[in-house]
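The values are calculated or read from the model by the stated rules, or taken from the named source; none is laboratory data. Remember, it's a predicted structure, so these values are computed and weren't measured experimentally. Cβ placement follows ideal geometry from the backbone for every residue including glycine, while neighbour counts extend to all protein chains displayed. Accessible surface is based on the protein model in full, side chains and every heavy atom, while ligands, DNA and RNA are left aside. Shrake-Rupley method; radii C 1.70, N 1.55, O 1.52, S 1.80 Å.
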Amino acid sequence: SVDACDASGKCSAPSAAVSATTLSAGVTFNPQILAKWNLLGNTGTLALDVAAFFGTQDAPVAGVSPYVLSVWKWVVNPSTGAGKWAYFTPSLTKAESDAAALEQGYDALGTINPGEGFWVNRTNPPGLTTPVTLSGPASAPFKYDAISFGALKKNAWHLIATDSSVEPSGFNNGNVNPLPPS
């Protein structure tokens, strides 16, 4: 609770009590991208705002926007199950990038959700021999569990991300629920 006092010492009644919890800093998503194509994944629990993460023509991200040609993510329509690519480029404004994606038959890419994989195509200008480091938000690490893993469409390919250090077969074995006896 809080009570306020003025310079003469007159104090108000205490306010109602409130409580708050400080969130742990978690991990920061800072992948490095090399020239050409990079396969990445959002390993945090916060969604990435693509325009803010990679920048746009009118709001560039220093050291990132000039080097990223395009960002791609495979999206599936939950009601139809049909999939197609979603596209974004920081060389245009957000509205222009969205319009260009739709004009070419792609979805406009706005968000990369926790656990989702995506592709980044980076230029290789003369003199830039080091990776470009992206700077994402701090969040808890994303971990697949039986519910989130079980929500993936069966008999389909998925580009997923996790902060787990297990090999793909171990990841798969750790998340597959055995079928009940028939």
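Worth pointing out:
- Every residue from region 78-99 that is outside any strand (DSSP E or B) and under 14 Å from residue 110 (Cα atoms): 89, 90, 92, 93, 94, 95, 96, 97, 98, 99
- Test for residue 46: is it in a strand (DSSP E or B) and open to solvent by 60 Å² or more (accessible area, probe 1.4 Å): no
- Of all residues in region 98-112, those that are closer than 14 Å to residue 70 by Cβ and free of Cβ contacts under 8 Å to residues at least 60 places away in the same chain have Cβ atoms under 8 Å from Cβ atoms of residues that are assigned to a helix (DSSP H, G or I) and β-branched (Val, Ile, Thr), 6 or more apart or on another chain, in 109/50.
- Residues of region 106-154 that are modelled with pLDDT of 95 or more and not in a strand (DSSP E or B): 106, 109, 110.
Conditions (1) among the hydroxyl-bearing types (Ser, Thr, Tyr); (2) more than 19 Å from the chain's Cα centre (by Cα); (3) closer than 27 Å to residue 139 by Cα, marked per residue:
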site	(1), (2), (3)
55	no, no, yes
70	yes, no, yes
104	no, yes, no
113	no, no, yes
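- Flag if residue 71 is among the β-branched types (Val, Ile, Thr), in contact with a helix residue (DSSP H, G or I) (Cβ under 8 Å, 6 or more places away or on another chain) and open to solvent by less than 10 Å² (accessible area, probe 1.4 Å): yes
- Annotation note: Cβ proximity below 6 Å between a residue of region 65-77 that is over 15 Å from residue 52 (Cα atoms) and part of a strand (DSSP E or B) and a residue that is at pLDDT 90 or above and acidic (Asp, Glu) (sequence gap 6+ or interchain) occurs for 75/107.
- Residue list for region 113-122, restricted to those being over 11 Å from residue 43 (Cα atoms) and open to solvent by less than 50 Å² (accessible area, probe 1.4 Å): 118, 120, 121, 122
- All of 17, 25 fail the test of being open to solvent by 70 Å² or more (accessible area, probe 1.4 Å), touching a strand residue (DSSP E or B) at 6+ places or on another chain (Cβ under 8 Å), assigned to a loop (DSSP other than H, G, I, E, B) and modelled with pLDDT under 85, apart from 25.
- Where a residue in region 123-137 is open to solvent by 80 Å² or more (accessible area, probe 1.4 Å) and its partner, wherever it lies, is not hydrophobic (A, V, I, L, M, F, W, C), with Cβ under 6 Å and at least six apart: 135/30
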